[in-house]
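Report on one structure; see the data block that follows.
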């Protein structure tokens, strides 16, 4: 293993404070990808406009380094991982017509899509965006902290095309979880939340969100691994491929260690951050947050990561309770 590679043992992504007792492999110096690229999250921008890379993150995993791009300049946030080894990646389609243990992909998708929203943000650095999951019928929505970080204005687009302004109720930046509240809405369909502790490697999952600003997109795959530890942030901001304002944002990001992350081969791309990873029963079992990319590319190669819903739900409940006091 060379100086630019490192491993970190499994832990949890979503934001408890117990990370100081765990040893995390030193961050390698890598290029930029994007979640942030988990994607990391920007506002929709039509094809052909400026790139939307954002904050850089790194993932400490088996012989791989991750660069996270925060979606502050365009279509979305996800994480990007730079893999050591061959640059050519050949994947096979994972399309399925029926979800093992549940209904068809179409049936599961139709049940979940009304509970997943597209989020647009404005900040001093520009526009950004991502996805979110409806927790309550009155507009309380769960997303990633990096999706709404430093946002001066947040808006939400629902599956039926309606839009609403939103406020940030609070964020757990250590766990990359945030809760927002859409204004003047009612009758929304809350997502059914599952039990991420019940997941097994090989379980069928769907990723639902707004990759590249394309609302309501659905991809399918399986749980590839559990208990992954990923390290996000800590970029030096020196990648010349990023617009100047995004290079500044990268340099201001702090490292976040997310343990116990769910790894999936369901396609996740910039803009999916904060969206739902669902099981065959249509229950949300994870919040999509990061992807790995090969070389200088920023697209999906079948290695994505999600925050277990049990962790995200706990963080969201704490945020909501604090806001009620």
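For the range 263-282, filtered to residues that are out of contact with any helix residue (DSSP H, G or I) (no Cβ under 7 Å at 6 or more places or on another chain) and buried (at least 24 other Cβ atoms within 10 Å of the Cβ), the residue that is modelled with the lowest pLDDT is 268. Here is the figure for the range 159-184: residues that are in a loop (DSSP other than H, G, I, E, B) and buried (at least 20 other Cβ atoms within 10 Å of the Cβ) total 2. Every condition in (1) assigned to a strand (DSSP E or B); (2) modelled with pLDDT under 95; (3) touching a helix residue (DSSP H, G or I) at 6+ places or on another chain (Cβ under 7 Å) is met by residue 102 except one, and the failing one is (1). Which of the residues spanning the range 144-158 are part of a strand (DSSP E or B) and surrounded by fewer than 22 Cβ atoms within 10 Å (Cβ to Cβ)? Hits for the range 144-158 are 153, 155, 157.
If you go through the range 200-227 and pick out every residue that is in a loop (DSSP other than H, G, I, E, B) and either modelled with pLDDT under 95 or crowded, with 21+ Cβ neighbours inside 10 Å (or both), you end up with 4. Restricting attention to the range 283-299, the residues being in a loop (DSSP other than H, G, I, E, B) and either modelled with pLDDT under 75 or crowded, with 22+ Cβ neighbours inside 10 Å (or both) number 7.
The values are calculated or read from the model by the stated rules, or taken from the named source; none is laboratory data. The shown structure was predicted, so the numbers you read here are calculated from the model rather than taken from an experiment. Cβ: placed from backbone, ideal geometry, glycine included. Neighbour counts: every protein chain shown.
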